[in-house]
């Protein structure tokens, strides 16, 4: 992913498994890592498993930690950062239609 | 839910939040608790957060534990049981269209 740093994405459930409507991915961000600042037409649903970070959304930063839930509406600029000193992991679910 | 025992469901992200395509729920099953044995036309995607249990699927039981991922295809009979002696928690994501 262009603009990403120290991020790994693993697809846990996808169309290959017969999931017609949405896919589940695991994001792993190393300390200092971040996803690209970007927008897309589909919503995301995020559940933070471990670590801590910041959700950058329309120019503001919102800190988060384990068990936090984040809904990213369509077409809103955002990124995720690992702001801690350990691995940050989160689930990210997206529609498969245009994901 | 008829046929359920010691299960609590919390809706983490739903249509009320603007989620048009799918919803995220948290299931909490006490020891001995279970969801009803049932089928439905929509798929489920499950991520186990803590505890251990069994996924009953078409007459067989599949044990699971933390970080296990389960895809439930449409129209397949299934239920979830807590087979341990502590709380079992899992995320369950469903399409909103008929969820």
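Overview of values
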{"item": "Shortest-first nm distances, residue B:1 label point to equivalent points in other copies (7 Å, Cα→Cβ)", "result": "3.1"}
{"item": "Stokes-Einstein D for the protein assembly as shown, Kirkwood Rh over Cα pairs, 4 °C, 1.567 mPa s (µm²/s)", "result": "74"}
{"item": "Span from the segment A:1-37 Cα centroid across to the segment A:70-85 one, whole angstrom", "result": "13"}
{"item": "Dimensions in Å of segment A:5-95 - Rg and Dmax from alpha carbons", "result": "12.6, 37"}
{"item": "Inter-chain Cβ neighbour average for residues B:17-26, partner chain, 10 Å", "result": "5"}
{"item": "Likely footprinting exposure, B:35, B:96, A:83, fewest C-beta neighbours within 10 Å first", "result": "B:96, A:83, B:35"}
{"item": "Other copies of residue B:39: label-to-label distances in nm, shortest first, labels 7 Å along the beta-carbon direction", "result": "4.4"}
{"item": "Shortest-first distances to equivalent copies, position residue B:17, nm, label 7 Å out along Cβ", "result": "2.0"}
{"item": "Over chain B, relative contact order from alpha-carbon pairs under 8 Å, at least 6 apart, %", "result": "36"}
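Each reported figure results from applying straightforward, stated rules to the coordinates on display, with no laboratory input. Since this is a predicted model, take the numbers as computed values, not measurements. Because the Cβ atoms are built from the backbone with ideal geometry, glycine has one as well, and the counts that use them run over all protein chains shown.
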